[in-house]
Structure formats: C-alpha cells, structure tokens
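Input: a single structure, listed below in structure tokens.
The values are calculated or read from the model by the stated rules, or taken from the named source; none is laboratory data. In this text the structure is predicted, and so the values were computed from the model without any measurement. Methodologically, a virtual Cβ is constructed for each residue, glycine included, from the backbone with ideal geometry; neighbour enumeration extends over all protein chains shown. For the accessible areas, the whole protein counts, side chains as well, though only heavy atoms, and no ligand, DNA or RNA atoms are used. Shrake-Rupley method; radii C 1.70, N 1.55, O 1.52, S 1.80 Å.
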Amino acid sequence: MRIALFASGNGSNVEAIIQASLEGRLDAEIACLFCDNPHAYVIERAIKHNIPFFVCAPQQCATREKWEGFILSFLETHQVDWIVLAGFMRIIGQPLLNRFPNRILNIHPSLLPAFPGKNSIKEAFDAKATHTGVTVHYVDNGIDTGPVIAQEEVAIQDGWDLETLEEAIHQIEHRLYPEIIQQVTKKECAYS
Ligand code: GRF
C-alpha cells in the first residue's frame, strides 16, 4: 500500500503519519508528499525523512487542469494507491477524484457537519460551543462534505483558551488519523 500525503503548512499530521509508518503502526509506505505552498514547513519534514516531494502552487500553472495534471503525473511516478490530505488547504478536483475513487481521505478539526472550512477550531471556540472534535472523512468535490469515517469529541472545559483547545484537537488528530488510515486501507485491501 503506497500513500501520497498532501499538505499546505506545518505538517504535524504528516509527521504523525510518517512516525506511525516507521513504527509499524501503519502498514503502508509513505511514497511521496505533494505540497501547494513553497513556504510550508512540511517540506522540511519531507527532506528530513527522505520522502520524495513535489511543490507546486496552482498559480504557477496556466490552468487548474494543468496543475492537477502535474499532480497526477507525480502520483503515477510514485505508484500511489491512496491520497491522504493532512492540512491540505485546497479543493480536490474531478481529475484526482476520478483517478482515486473512494481513496482520498481528509482530517478536519471539528465534528462535521459543524464548522466546515478553514478556521474551524477558532469558530467553535468563538461560538462558545461546549463540544467540538475531529472528523476523518472520504473526500468528495465539496468542502469537508464527504462521507464521515470516524469522529472523536472534545469537551471544551471552562477556562480553556484557544491555544489549549488547539492543542487538545491536535493531540487527538495525531493519534486518530494513523489509526483510521490503517483501518480503512486494510479493509479495502481485504476486499480487493
Ligand atoms: C489540522 O488541524 C487538520 O485537521 C486541518 O489542518 C490542520 C493541519 O495541521 N485540516 P498540520 O499542518 O498537520 O500541523
């Protein structure tokens, strides 16, 4: 099983998935990383772990189709079976969805359908929600709308500031995502 990670920023989830693979908790090879942001720290992580990477922002390409075409060629080169989005801040278009049907996963820092989009942790905090959490889901052509695979709740305690909530969410993400990737990719393997 060969996984491509897609990320746009810090890459703490990328790091957690790589560690799970190195420690044998995730029975899959991290084949490569795609990043759409030339300034993202996640690129340093790929270098550190010797993972092949490709960095390309859509603005560098004449059309979105060309951008996705470059990404598809990169994935073919690395013989990828699954795509795992880990803090990837762009919508996945039809060419990638068609090539990897039901084989693209995402993690989102809220209990979807609540708080979709980019600032979910802050939005839950500002809304004074009593609970929020983490969702792992399949990717479709919407924003955080694909079928939910797993969710884990966080009860927001009195006295927590935004930073405390962010830490609690990330701690869950780093454990939950590798576990669910393992379950989902193994299950699919057993049926194929
Ligand atoms: C995570 O909270 C993830 O759920 C969301 O983006 C954030 C990425 O964090 N999609 P990192 O880059 O993995 O540290």
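Would you be so kind as to identify which of L26, T130, G69 lies farthest towards the positive end of the dipole of segment 1-139, taking Lys and Arg as +1 and Asp and Glu as -1 on Cβ and the Cα centre as origin?
Working it through, the farthest residue towards the positive pole turns out to be T130.
For L22 and I91, calculate 0.36 nm times their separation in residues minus their Cα-Cα distance, and state this gained length in nm to one decimal. Spell out each step's value before the answer.
On the way: separation 69, 0.36 × 69 = 24.84 nm, distance 2.90 nm.
Stretched out fully, the L22 to I91 stretch lengthens by 21.9 nm.
Lys/Arg Cβ at +1, Asp/Glu Cβ at -1, dipole of the chain taken about the Cα centre: which of I181, N98, G142 is farthest positive-ward?
Value: N98.
Once the whole set of protein chains is in place, how much accessible area is left on M89, using a 1.4 Å probe, in Å² to the nearest 10?
Using a 1.4 Å probe on the heavy atoms, I get roughly 110 Å².
Just the Cα atoms of segment 1-57: what Rg and Dmax do they give in Å?
Reported Rg and Dmax, both Å: 10.6, 33.
Using only Cα atoms and rounding to the nearest 10 degrees, what angle (0 to 90) does helix 162-191 make with the longest principal axis of the chain?
Tilt of helix 162-191: around 50 degrees.
Could you state the principal axis extents of the C-alpha atoms in segment 107-192, from the largest down, to the nearest angstrom?
Per principal axis, max minus min of the Cα coordinates gives 49, 26, 16 Å.
Rounded to the nearest percent, how much of the accessible area of segment 2-190 (1.4 Å probe, protein heavy atoms only) is carbon and sulfur? Could the numbers behind the result be given before it?
Numbers: 4760 of 9290 Å².
With neighbouring chains kept in place, the figure for segment 2-190 is 51 percent.
Tell me the relative contact order for segment 2-190 as a rounded percent, counting alpha carbon contacts under 8 Å between residues six or more apart.
Over segment 2-190, the number comes to 21 percent.
Counting only heavy atoms of the protein chains, get the accessible area per residue of segment 1-154 (1.4 Å probe) and round it to a whole Å² value. Display every interim value, and only then the final one.
Values: 7300 Å² over 154 residues.
Each residue of segment 1-154 exposes 47 Å² on average to a 1.4 Å probe.
Could you work out how much longer the chain between Q79 and I47 gets when fully extended? Use 0.36 nm per residue separation minus the Cα distance between them, nm to one decimal.
9.5 nm
With just the Cα atoms of segment 2-190, tell me how far they stretch along each of the three principal axes, in Å, largest first.
50, 39, 31 Å, listed from the longest principal axis down.
Round to a whole angstrom and tell me the spacing of the C-alpha centers of segment 114-192 and segment 30-85.
Going from one Cα centre to the other spans 23 Å.
Within the chain, what percent of beta bridges assigned by DSSP are antiparallel, to the nearest 5?
The answer is about 40 percent antiparallel.
To the nearest 20 Debye, how big is the dipole of segment 2-190 about its Cα centre, given +1 on the beta carbon of each Lys and Arg and -1 on that of each Asp and Glu?
On the way: 15 positive and 24 negative charges, 120 e Å.
Around 580 debye, computed over segment 2-190.
Loop-only chymotrypsin sites (Phe, Trp or Tyr not before Pro) in segment 97-189, please: DSSP not H, G, I, E or B, and at most 15 other Cβ atoms within 10 Å.
Sparse-neighbourhood loop chymotrypsin sites (Phe, Trp or Tyr not before Pro): W160.
Once you've got the GNM for the chain with C-alpha springs shorter than 10 Å, pick whichever of H49, H137, H108 has the biggest mean-square fluctuation.
Between H49, H137, H108, it is H49 that shows the largest mean-square fluctuation.
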